[in-house]
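The structure under discussion appears below in the form of structure tokens.
Each value in this text was obtained by applying a stated rule to the coordinates, not by laboratory testing. Predicted model only: the values in this text are computed from it and were never measured. In this analysis, Cβ positions are derived from the backbone assuming ideal geometry, glycine residues included, and neighbour counts consider all displayed protein chains.
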Amino acid sequence: MTLVVEDLVKHFRTRDGIVRAVDGVSFTVERGQTLGLVGESGCGKSTTARMLVRLDQPTSGRILLDGEDVAFARGATLSKLRGRIQMVFQDPYASLDPRLTVGQTLGEVLTVRRMVDGDAQRRTRVNELLEMVGMTASVAGRYPHQLSGGQRQRVGIARALAVEPEVMVLDEPVSALDVSVRAEVMNLLTRLRDELGLTYVFISHDLGMVRHISDRIAVMYLGRVLEIGGWRALSDDPLHPYTRSLRDAVPVPDPELEAQRQVVELGGEVPDAINPPAGCLFHTRCPYVEDRCRVETPTLRELAPRHQVACHFSERLFPDVLAEAQQVSG
Ligand code: SF4
């Protein structure tokens with residue numbers, strides 16, 4: 001199963017004008033792989049996630065699962081496709097019904113999606129799902145408020161797994177959790193992906209977080225992808241000034257290395273999506289801005305194999321990094 005997203009667009013009409021929440025996003029995720037989708041709040045990554053599972057209807061574009069288009073599917077076709085692509089939300093507490101026990105929550109999904117036949121089969125499957133996410137059958141009788149944040153997110157993951165999806169869209173799945181349990185949930189997600197051959201789109205504001213789980217990373221800004229490439233290149237030696245500022249926001253544990261770093265500081269706020277800047281979307285915050293950037297929009301260009309960057313001057317700004325990227329990938 002390959003997930004292909006082509007020129008995906010979502011525009012919202014508001015009283016103040018049209019918000020270009022997602023403005024032509026394209027990427028491909030191969031079966032069993034993870035694409036990390038990174039950017040600051042308001043960059044369009046969560047809207048992209050909601051379109052992938054059709055909680056939001058795209059304005060235009062295509063979302064292909066093995067060539068079948070999810071973007072504008074309806075009725076029975078949409079229902080079938082929805083079973084193949086599931087979402088795990090950031091806040092597990094808000095996404096679970098407080099009146100239902102864990103067993104009832106999972107059982108309801110199994111019944112509605114006709115995944116089981118009868119009570120006995122449903123109970124067995126609920127227990128299997130709990131085991132898959134590292135919990136015991138005793139959790140089935142508990143309500144969400146009786147669980148810790150990490151346990152609730154495990155239930156959220158089990159609920160997504162209940163319909164046996166091929167793709168999981170994970171929208172900041174550990175951001176709301178205590179730091180101490182984040183690694184456990186990340187390890188669980190990695191194990192499930194590898195054991196079940198799942199394909200992930202992992203959304204986060206934190207480049208340091210996605211590097212551990214991603215095969216490829218796409219960086220979004222004001223509804224567009226500014227850089228996309230392999231996880232190591234994107235998180236260690238990116239070629240776009242914005243990605244470099246995100247990388248530099250991730251602290252380096254070694255104080256000596258931290259002192260030697262040449263840091264690209266990210267100043268200012270993300271501009272208003274109703275009135276995005278002309279030319280390069282990042283020009284109002286870029287430390288390397290030149291006149292051309294204010295008038296001419298850079299397109300994504302493949303500067304190293306499978307590594308695309310939307311900046312006019314990456315070659316001039318980061319020649320050593322580019323030479324290495326071309327060697328490593330080539
Ligand atoms: Fe900065 Fe110009 Fe490159 Fe945009 S095109 S990232 S403003 S140098």
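Summing +1 for each Lys or Arg and -1 for each Asp or Glu among the other residues whose beta-carbon sits under 15 angstrom from that of residue 176 gives -3. At full extension, residue 117 and residue 40 could sit 23.3 nm farther apart than now, given 0.36 nm per residue minus the alpha carbon distance.
Between 218, 249, 160, the GNM of the chain built on Cα springs shorter than 10 angstrom shows 249 fluctuating the most. The calculated FRET efficiency for the pair residue 104 and residue 291, based on their C-beta separation and a Förster distance of 51 Å, comes to about 0.25. On the basis of the beta-carbon distance and an R0 of 22 Å, residue 302 and residue 1 show a calculated FRET efficiency of 0.30.
Taking other residues whose beta carbon is less than 10 angstrom from the beta carbon of residue 11, and scoring Lys, Arg as +1 and Asp, Glu as -1, yields +2. Amide H contacts for residue 206 (H built 1.01 Å from N in the peptide plane; partners 5 or more residues away or on another chain; cut-off under 5 Å): 39.
Put simply, the amide H of residue 60, placed in the peptide plane, has neighbours under 5 Å in 9, leaving out anything fewer than 5 places away on its chain. Mean-square fluctuations from a GNM of the chain, with a 10 angstrom spring cutoff on Cα atoms, peak among 303, 52, 170 at 303. With the simple model of a label 7 Å out from the Cα in the direction of the Cβ, residue 12 to residue 145 spans 3.1 nm. Take the Cβ atoms of residue 249 and residue 178, set R0 to 22 Å, and the FRET efficiency comes out at 0.55.
With a ≥ b ≥ c the root eigenvalues of the C-alpha gyration tensor of the chain, is it rounded (a/c under 1.5), prolate (a/b larger than b/c) or oblate? It is prolate, given that a/c is not under 1.5 and a/b is the larger ratio. Here the scattering of region 70-222 is modelled by Debye summation over its C-alpha atoms, one equal scatterer each and no solvent; at q = 0.21 Å⁻¹ the log10 of I(q)/I(0) is -1.44.
Distance between the 7 Å Cα→Cβ label points at residue 137 and residue 93: 3.1 nm.
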